[in-house]
Structures are given as structure tokens and as C-alpha cells.
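The values are calculated or read from the model by the stated rules, or taken from the named source; none is laboratory data. The model shown is predicted, which means the values in this text are computed figures rather than measured ones. Using ideal geometry, Cβ is built from the backbone for each residue, glycine included, and neighbour counts are taken over all protein chains shown. Surface accessibility is based on the protein's heavy atoms, side chains included, excluding ligands, DNA and RNA. Shrake-Rupley method; radii C 1.70, N 1.55, O 1.52, S 1.80 Å.
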Amino acid sequence: MTATLERVDVARTAPARGRSRARVRHRLTVLAFLAPAILGFALFFGYPLVATIGFSFTRYDLINPPEWIGWENYAYMFSDELFRTAVHNTLWFVVVLTAARVVFALGVASVIARLKSGVGLVRTLCYLPSLAPPVAATLVFFLVLRPNEGPLDAFLGWFGLDGPLWFADPVWAKPGIAAVVLWVSGDLMIIILAAILDVPQEQYEAAELDGAGPVRRWWHVTLPTISPVLVFGVVNSIILALQLFTQAVVAGSAASGSAEVTGATKVLGYPENSTLTFPMWLYTQGFRYFDMGYAAAMATVLFVISFAATALLVQRMRKATHQEES
């Protein structure tokens, strides 16, 4: 009787052991395929992130060994006047560029989606500027907006108007850089256009049967349907504004006329620090003053802010989507 029960137990446990081994082999196979991506992520993102956080608590000049100083780099930020100026300018770009970029891309995409002919040509013309390198795009805008010599000033002169100094004016320098970024926003426009064209026609037809006009259909059908894409556009624009560097450096370099080579200006944030952004001040601290510890602390703060803004927007989007479904 005992031998019979043992054979029954063995017969029952054998399939379970086989399934367990199969699951283990499956997980090892998946892990083997994921290994290159995991190693690349750990090597090129994980390790630099941890090293940056570690260096942020040190005094390090790339020559001498790092010296542990605790929270001094973070405390110094509150007394660094140019740090506050860079934060103010960067927040200006975050607010203005995020709103303007999403609205501009959404408006252009909505117009293209309603075109009956020439859609491909218009779409291509709106997307082409996004292929221009940032340095080239900024220099083009500098030449177009150049005071007294640029085509825009010549056009305004026909009407007896004087144009602003643009990149040489502290008031107009940031709007000029924002115009450069908006001009190359064709990538976001294409993404939003694809989302608009993907809205089911049945929803428009149902809204039209209920008496909704074009504006109400756009407001109550199009916008809610493409809201996840708009959230992506907001997150993308925030990160882009937080990392704004090349356009500000090139514009200040060209406008100041003090560059040894294009983009290498000695007049930081020209004019009058109005274009000094967070990444510019970070780069200056690390590679001009060789204060890598302070630069690492600034990079850590930038990462935390970017991550927090992204997480907050995604969380709110999920909550709004959940409320609509319920």
C-alpha cells in the first residue's frame, strides 16, 4: 500500500517538476535575449547616474582625487546668483516653449488634417525644418533677424517700422530663441497629426448626429482621444526646454561677436545673462571652471526635476483616463 502511494506521488509531482524546469529555461532564455540591453543600460545610464550623484558630494577638478565635502555643493546653489539667473531663464523657456510648442504643433496638425489636397506637400514643408541642425537653424534665424541688415528689418522698413534688436536685446533674446525652437517642431507636429488621423470616424459621425458643429467635435472628440499624445508632447517639450543649450550658446555667440569659433563665446549668456540657461551654467562649471563636483550636483538636480515632472504628468494622465473609463 505504501509503495503504491509513493508511485502515485511521484506520478503527480513529475509533471509539476517538468513545468518548473520549463519555466526556468524560459526565463533564462528571455534573460539571455535581454542581457545586451540590460548591460547597455547599466553601463551607459546606470553607472554614469550613480557616479554623478557620488561626485556631487565631492570637490573634484578632474586632476586631483575627489574630496568628500558632503552637501556643500547643493548649499552653494542657493547663494550662486548666476545659478538663480539660469534657473529663472530655464523656467521661462519651460513655460513658454511647452505651451507654445504643443499649441503650435496641434494647430498646424489640425489644419493639415482638414486639407483636401496638397496634404503631402504641406506636411513635408512643415516637417523639413526639424531636420535642420540646431546650430544651422539658429544661425539662419540670427541672419534673418539681424538688426538693420536682416530681411525682417528690411521688410519692416518698408512700412517705416524699426524692428527690435532680437538676440542683442535682453528683452527679445529669449523670444528669438523660442522662435528657433518652434520653427523646428515638425517632429511633434507629425506625431500629433498621426494621432488626429487615427481618431475613429464613427465618433465624429455620432457627434454630428447629436448636432455638434466642427468646433464642438474638435473639442469633445478630437482632444480627448489624442490626450495621451498631447501629454507626451508636454513631457517632451518640458525635457527639451530643461536641456536647452545649443540654440542659446550659438545665438549669444553670434550676437556678441566675441566668439573665437562658432559657439565658443566668452560672453556667457549674452546679452546681460538673459540667455543663460541651466545646462549652459552646468557646462561652464564643469568644463570651463573644472568644478566637476558642483556641475555633478547641478546635473543631479536637473535629473530629479525632469523625472519628477514626467512622473507627475504621467500619473495625472492615468488618473484622468481611469476617471473617464469609470
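Summary table
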read-out: Number of positions in segment 205-242 that are within 14 Å of A113 (Cα to Cα) and among the hydroxyl-bearing types (S, T, Y); value: 1
read-out: Helices (runs of 4 or more DSSP H) fully within segment 27-117 counting 3 or more residues that are within 30 Å of I226 (Cβ to Cβ); value: 81-113
read-out: Among the candidates Y74, Y127, residue that is of a type in the set (F, W, Y) and closer than 22 Å to A179 by Cβ; value: Y127
read-out: Test: residue in segment 133-142 that is farther than 22 Å from Q243 by Cβ and open to solvent by 40 Å² or more (accessible area, probe 1.4 Å); value: no
read-out: Given (1) out of contact with any helix residue (DSSP H, G or I) (no Cβ under 7 Å at 6 or more places or on another chain); (2) open to solvent by less than 30 Å² (accessible area, probe 1.4 Å); (3) not in a helix (DSSP H, G or I), index of the condition G211 fails; value: (2)
read-out: Segment 236-255: number of residues that are β-branched (V, I, T) and at pLDDT below 90; value: 0
read-out: Hey, A113 of a type in the set (A, V, I, L, M) and within 26 Å of W281 (Cβ to Cβ) or not; value: no
read-out: Test for P164: is it more than 21 Å from the chain's Cα centre (by Cα) and open to solvent by less than 40 Å² (accessible area, probe 1.4 Å); value: yes
read-out: Enumeration of residues in segment 44-94 that are open to solvent by less than 50 Å² (accessible area, probe 1.4 Å) and β-branched (V, I, T); value: T52, T58, I69, T85, V87, T90, V94
read-out: Scan of segment 179-207 for residues that are open to solvent by less than 30 Å² (accessible area, probe 1.4 Å), in a helix (DSSP H, G or I) and under 19 Å from S130 (Cβ atoms), ordered by number; value: V180, V181, G186, L188, M189, I192, L193, A195, I196
read-out: Boolean, P147 is touching an Asp or Glu at 6+ places or on another chain (Cβ under 8 Å) and either among the basic types (K, R) or outside any helix (DSSP H, G or I) (or both); value: yes
read-out: Leading residue by the ranking (surrounded by the most Cβ atoms within 10 Å (Cβ to Cβ)) among those in segment 167-178 that are farther than 17 Å from V102 by Cα and of a type in the set (G, A, S); value: A173
read-out: Selection count, segment 154-171, where residues are among the hydrophobic types (A, V, I, L, M, F, W, C) and outside any loop (DSSP other than H, G, I, E, B); value: 6
read-out: Residue pairs meeting the criteria (Cβ under 9 Å; at least 6 apart or on separate chains; first at positive phi and touching a residue at least 40 places away in the same chain (Cβ under 8 Å), in segment 274-292; second part of a loop (DSSP other than H, G, I, E, B) and open to solvent by 10 Å² or more (accessible area, probe 1.4 Å)); value: F290/Y60; F290/D61; F290/L62; F290/I63
